[in-house]
1. Would you please name the residue that is most open to solvent (accessible area, probe 1.4 Å), looking only at residues in the stretch 187-207 that are free of Cβ contacts under 8 Å to residues at least 60 places away in the same chain and assigned to a helix (DSSP H, G or I)?
2. Taking Ile157 and the conditions (1) at pLDDT 90 or above; (2) not in a loop (DSSP other than H, G, I, E, B), which numbered condition does it fall short on, given that it satisfies the others?
3. Kindly evaluate Ala344 against the criterion of being assigned to a loop (DSSP other than H, G, I, E, B) and either of a type in the set (A, V, I, L, M) or touching a Pro at 6+ places or on another chain (Cβ under 9 Å) (or both).
4. Go through (1) of a type in the set (Gly, Ala, Ser); (2) touching a Lys or Arg at 6+ places or on another chain (Cβ under 9 Å); (3) within 28 Å of Trp168 (Cβ to Cβ) one by one and return the number of the condition Ala511 breaks.
5. How many residues are surrounded by fewer than 19 Cβ atoms within 10 Å (Cβ to Cβ) and among the basic types (Lys, Arg) if we restrict to the stretch 300-334?
6. What number of residues within the stretch 573-586 are in contact with a strand residue (DSSP E or B) (Cβ under 7 Å, 6 or more places away or on another chain) and hydrophobic (A, V, I, L, M, F, W, C)?
7. Within the stretch 386-397, can one find any residue that is touching a residue at least 24 places away in the same chain (Cβ under 8 Å), open to solvent by 70 Å² or more (accessible area, probe 1.4 Å) and in a helix (DSSP H, G or I)?
8. All but one of (1) open to solvent by less than 10 Å² (accessible area, probe 1.4 Å); (2) over 30 Å from Ile189 (Cα atoms); (3) in contact with a strand residue (DSSP E or B) (Cβ under 6 Å, 6 or more places away or on another chain) hold for Asp294; state the number of the condition that does not hold.
Amino acid sequence: MAGWQFWIDRGGTFTDIVARDPAGALHTRKLLSENPSRYQDAALAGIREFLCLAQDAAIPPGAIETVKMGTTVATNALLERKGAGCLLLINTGFGDLLRIGNQARPRLFDLDIKLPSMLYQRVAEITGRVAVDGSVIEALDEPAAFAALVAAKADGIEAVAIALIHAWKYPQQEQRLGELALEAGFLQISLSHQASPLLRLVPRADTTVADAYLSPVLRRYITQVSAGLGGAKLYFMQSHGGLAEEQQFSGKDAILSGPAGGIVGAVRTAGMAGFSSVIGFDMGGTSTDVALYDNAFERSFETEIAGVRLRAPMLAINTVAAGGGSILSFDGARLRVGPESAGAYPGPACYRNGGPLTITDANLLLGKIQPEHFPAIFGPDGNQVLDGEIVAQKFLRLAAEISAATGTARTTEQIAEGYIAIAVANMAHAIRQISVQKGHDPADFVLTSFGGAGGQHACLVADELGMETIFIHPFAGVLSAYGIGLADFLLLREQAVETTLEEAAVPQLQAIGDRLGDTAIAGLAAQGVPAHTIGIKSFAHLRYAGTDPALQIPFATLPEMRAAFEAAHRKLFGFVTPEKTLVAETISAE
């Protein structure tokens, strides 16, 4: 008989678990992600509860068949700047390249500009450079590079990121520096031609540094979980929506690990009900994630998260700081919701840990949350229901504060409804960004609501957007975990080509796509995926010459690709310029 399977989403507030027992029945459980007085790791704690083991007991070998996880470990390390010490190796004269960046100013009129901190701890400029045609302009100074690596290792730096000019196409010098880093004792070595084999040094180096910075933290967590599983197979959800075995899971692919599981779950469950055009609405404890699916997953290839530019395939998820744990405040003139969150600990006021008022508390006051139907996991022993009394007291004090400041008397219920209206407006705006701004009418989609707080707000959000259909799965409260169990194993491979799209170039581009597909098949086969279950899709990323944004188009004949590109360009931008030359920027295989 097969063992247990566990599908787990370790979120910022709750860890959700869907368990499949040896007989095939599904069970669900929620635990607080942080509860230091009761357990060290929520995922292992939940598994032990299902197996009826004490929290200090070892999980017996053979009891578990597989564990599939999504985790916020890498995301939190990025947000809190708690990654590994990192050394950046880059060409001479480019040591400050990532600090200069691309000169984007998201807040144009700020006089006091706050630059995000760099992820790397130290930069070493390396003598050695190749030209755009691959010829060696400057030989690699191996002794100086090795000395810099040894010095960094001696100073406790744990990871090295290597990014050189033109290495996306001519990686030999990067490969040699990687060998030297291994000789110097580094275990985490990220090479830019592997992390992001695309044009433009700034985003390629940014992605490589992020991978080096986050991977050791991720590796420590993976080791901790794996050691407690009794030898069970462990797989992780990647940001692009596919699973990978634990050894193939790296920092750059982990940023949207949990939210990606939710989008996959929303699409798969809605598809079972006959819906092919879906807007996923995932409202959790810390934030709300929204994404659009119109017969295909939408992915973004360049993303900025917590001030860090990343160029890696990710599901196109828009996140807004409006979750059940978003803190409610009054600044003397207006009500404010978030962006700060009460998190799992202390959590909302009703969690019995002395936390602040939050959206969850507002819903409790209004009767949308019934304590007797909520998990009894609160209090010092983790066995009490939500505390409605403290919520009522805090709202009364808040009502008095608002009345004194504004001269307007409001009931506690009116104040709670005002806070919820603000949160709903924020969430509806996030959905407009992924739909209306990209040429889609939300009314043409079904709103798939999930997450612990989604059902409390789905009707209000749908009304705000003119949507008529809402789909809520029985596992909506743990749909990210369920989606991780439903996800496919997936590899994406990309290669920059930067060539004019014309008939003579199509066979060459086809050959590159075939090669990428072959490497992806080999990668999945190495993870134990049966060859007969593997399918391949090839894409060309096209743009007009002289423009910047490239659109992903299924690889086909030249007339078909041009027609598909023009249709996508017209939908997104409202016009086409057929007289312009088309450029194939990148070829990818999925």
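The values are calculated or read from the model by the stated rules, or taken from the named source; none is laboratory data. For clarity, every value in this text was computed on a predicted model and none was experimentally measured. Cβ placement follows ideal geometry from the backbone for every residue including glycine, while neighbour counts extend to all protein chains displayed. Please note that ligands, DNA and RNA were not included when accessible areas were found on the heavy atoms of the full protein model with its side chains. Shrake-Rupley method; radii C 1.70, N 1.55, O 1.52, S 1.80 Å.
1. Gln194
2. It is condition (2) that Ile157 fails.
3. Yes, satisfied.
4. (2)
5. 1
6. Within the stretch 573-586, residues that are in contact with a strand residue (DSSP E or B) (Cβ under 7 Å, 6 or more places away or on another chain) and hydrophobic (A, V, I, L, M, F, W, C) number 3.
7. No, because not a single residue in the stretch 386-397 is touching a residue at least 24 places away in the same chain (Cβ under 8 Å), open to solvent by 70 Å² or more (accessible area, probe 1.4 Å) and in a helix (DSSP H, G or I).
8. (1)
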